[in-house]
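Structure first, commentary second.
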Amino acid sequence: MVVPSPCQACGVAGGTDWVKVAGLGVLVHNARGRERCPVALPFDWETGKPLTSLAGAVAA
Ligand SMILES: [Zn+2]
């Protein structure tokens with residue numbers, strides 16, 4: 001049995017996943033209806049490079 005680890009960005013319990021949204025990898029909380037983590041910075045899905053701010057992700 002795998003115990004989900006808390007969110008590495010904000011500490012919410014219940015596990016997290018990286019999902020692809022509009023070309024970006026964003027962190028979602030599994031225990032909260034896969035809501036997007038408000039703290040974790042997304043990364044560019046194609047290049048794997050993290051974004052430097054949330055501004056671009058909000059626009060996407
Ligand atoms: Zn989080």
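For the reader, a short list of remarks on this structure follows.
- Each residue of segment 38-51 was assigned a 3J(HN,Hα) from its phi angle through the Karplus curve 6.51 cos²θ - 1.76 cosθ + 1.60 (θ = phi - 60°); the sequence is x, 10, 5, 7, x, 10, 6, 4, 6, 9, x, 7, x, 6 Hz, with glycine and proline shown as x.
- Here the average projected area of the convex hull drawn through the C-alpha atoms of the chain stands at 4.3 nm².
- Inter-label distance, nm, simple model (7 Å from Cα along the C-beta direction), ALA13/VAL39: 1.6 nm
- Taking 0.36 nm per residue of separation and subtracting the Cα-Cα distance, full extension of the segment from LYS20 to GLU46 would add 8.4 nm.
- Here's how it looks for LEU51: its modeled amide H is under 5 Å from those of PHE43, ASP44, which are all 5 or more places away or on a different chain.
A short reminder: the numbers here are calculations on the coordinates, not readings from a lab. These numbers come from a predicted model, not from an experiment. Backbone-built Cβ (ideal geometry, glycine too); neighbour counts: all protein chains shown.
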